[in-house]
Amino acid sequence: MASNNMKEIINSWFDAHKDEMIADLAKLISVKSVAGAPKGDMPYGEGSYEALMTAKEIIEAKGFGTQVYGNAVLSADMNVGEAQLAMLAHVDVVPEGVGWTTDPYTMVEKDGALYGRGTSDDKGPAIAALYAMVAARELAPELTKNCRLILGSAEETGMGDLHFYEKEATYPPMVFSPDADFPLINIEKGKFGPDFYCDWVESTALPRIVFAQGGSVSNIVPRAADALIEGLTAEDVKPMCDEFASRFGTEITYRDTDRGVIITAYGVAAHASVPANGLNANTVLLTVLTHLPIAESEPFYRLKQLAALVPHGDFNGTALGINCKDEESGEISVNFGIFKFDLHGMSGNLDMRTPICADSMPLAKMTESAFRKAGINCNVDHLLPSHSVPAESEFVKTLLAIYEDYTGLPGEALSIGGLTYAHGIPGAVAFGCSFPGRDPGIHGINENFLVDELLVSAKIFTQAIIDLCK
Ligand SMILES: [Zn+2]
């Protein structure tokens, strides 16, 4: 906890360095650093590399030595000796998209906010962390333990950048990543994304489903799904479509074509970690299809088997027999994100977010066996365990106390279904920089970061270094 005196000193240090900080951030924002394919010895392409080199220049101008790992990650140490604390941020961004009111790569200040791609995610937090290290070195020269800033350049494209760091260096016992939300995230659910598939011999019996499909990414609740049915007309399917549209509170359309009727089911998109916040077009479509007078055949039988495993409104794997929950991290969630069906087979993907208790369950085997009993193959390769740091640890308690002290807001450790940059790093938590109750437009258009929030984040990090590195 800060003494009033130290808090005042930190406040006035940042008053004096505010303009310099904003100028450095503008420099970093001007690099269009969308991570891409490798080019020469740049594993994530030119943009990511250039942002890393710009950050290196900014950091070295403050008098810190730097180290580069495989042209993918950069680190800088506050002083010599073994690091006790690390701050992990990234300098790559997602594509800007269309509809910006200003140039996304020319940072502008308007009404107390800094606009530009990466201001909030994650170049602004990276600059806040760097300046915290500068301030702590200057204001608390007595600190004996080391603090390390680690900057990656491919967080947005799968976090493979950290492997380059891990090949050559280790993490200190305490790590926080300002690449998510305040107050602090200490629990992140695990992730499991089984693919399912099966093939069959084409059935010519009518009516038949010629194709059905919905969703293109596994981590989003699909917004639309459609199917072509040969041997039925719009008039034939109208009663079922209308009934389920009203039962599920959504829209289902149908129109005649030369080959048959096309049905389109509409849903509401949401992130896969919170499927109940959306409405799944795939499960709406499956419900309608299985209630239509389709000719009995192997394809239709398998489709009904699949529909029984992922019924509409089952967000927690009850029908799959994998439902589980614990007090700390909550309940498992299941999103049926991608579905494809044609005359020769079907395939799809589920995105599951798994609570801590699932780490000790044979989840892959259970899922595989549920699909196998339905005559559907299931590929269960990628299973990422949950990540957690005890809320009662000194590290978490210290960070939350500083947050409360500097913001006057309640500090509380959160559990989420999404993954942050901290996932899988032992002892790491996500800490900042999005404040509760405000949407800074991360990954969207007109991304911004309030100047006040940039400053208070940097002050919080300064105090954290002082308290944790003494
Ligand atoms: Zn980020």
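Rule-based calculations on the coordinates, nothing more; no lab input. Source: prediction; values computed, not measured. Neighbour counts run over all protein chains shown; Cβ positions are idealised from the backbone, glycine included.
Set the Förster distance to 41 Å, then compute FRET efficiency between Q67 and L343 from the Cβ-Cβ distance, nearest 0.05. Can you show the working numbers first?
Numbers: r = 56 Å, r/R0 = 1.38.
Between Q67 and L343 the formula returns 0.15.
Give or take rounding to whole Å, what are the principal axis extents of the alpha carbon atoms in the stretch 301-423, in descending order?
62, 26, 23
Local charge sum around A276 (other residues, Cβ-Cβ under 11 Å, Lys/Arg +1, Asp/Glu -1)? Before the final figure, lay out the partial values.
Values: positive: none; negative: D314, E331.
Summing Lys and Arg as +1 and Asp and Glu as -1 gives -2.
Give me the extension gain from A23 to F211: residue separation times 0.36 nm, minus the current Cα-Cα distance, reported in nm with one decimal.
Result for the pair: 62.2 nm of gain on full extension.
Taking the alpha-carbon distance from K373 and a cut-off under 28 Å, which lysines remain once sequence neighbours fewer than 8 residues away in the same chain are dropped?
Straight-line reach from K373, under 28 Å: K189, K191, K304, K325, K340, K365.
So for the pair S12, T250, with labels modelled 7 Å out along Cα→Cβ, what separation do we get in nm?
With each label placed 7 Å out from Cα toward Cβ, I get 6.1 nm.
Once phi is turned into θ = phi - 60°, what whole-Hz ³J(HN,Hα) does the Karplus curve with 6.51, -1.76 and 1.60 give for every residue of the stretch 96-101, x standing for Gly and Pro?
Karplus values, whole Hz, x for Gly and Pro: 6, x, 10, x, 5, 8.
What residue among T398, L363, P207 has its Cα farthest toward the positive end of the dipole of the chain, where the charges are +1 on Lys, Arg and -1 on Asp, Glu, each on the Cβ?
It is P207.
Could you tell me what fraction of 2.2 N^0.38 Å the Cα radius of gyration of the stretch 19-167 comes to, as a two-decimal ratio? Present the calculation step by step, with values, prior to reporting the outcome.
On the way: Rg = 15.3 Å, N = 149, 2.2 N^0.38 = 14.7 Å.
Against the compact-globule rule of thumb, the ratio is 1.04.
Mind giving me the nanometre distance, one decimal, between the label points for E138 and K470, set 7 Å out from Cα along Cα→Cβ?
2.2 nm
Hey, got the dipole for the stretch 160-219? About the Cα centre, +1 on K and R Cβ, -1 on D and E Cβ, debye to the nearest 20?
Details: 4 positive and 9 negative charges, 49 e Å.
Dipole about the Cα centre, nearest 20: 240 debye.
Using amide H atoms built in the peptide plane, which far-off residues or other-chain residues are under 5 Å from G190 H to H?
Amide H to amide H, under 5 Å and 5 or more residues apart or across chains, G190 pairs with T354, S386, H387.
What number comes out for the charge environment of G441, summing +1 per Lys or Arg and -1 per Asp or Glu over other residues with Cβ under 12 Å away? Mind dumping the intermediate values first?
Details: positive: R117, R438; negative: E96, D121, D439, E447.
Cβ neighbours under 12 Å give a net charge of -2.
Would you be so kind as to identify which of N146, A128, P172 lies farthest towards the positive end of the dipole of the stretch 123-172, taking Lys and Arg as +1 and Asp and Glu as -1 on Cβ and the Cα centre as origin?
So the residue we want is N146.
Simple spin-label model, 7 Å along Cα-to-Cβ: A401 to V80 in nm?
Label at A401, label at V80, 3.2 nm between them.
Please compute, over every Cα-Cα pair in the stretch 191-384, the percentage with a separation greater than 21 angstrom. Please report the intermediate quantities before stating the final value.
On the way: 9116 of 18721 pairs.
Result: 49 percent of Cα pairs exceed 21 Å.
Translational D (Stokes-Einstein, µm²/s) of the chain at 10 °C and 1.306 mPa s when Rh comes from the Kirkwood sum over C-alpha pairs? Working shown, then result.
Numbers: Rh = 24.3 Å.
Translational diffusion coefficient: 65 µm²/s.
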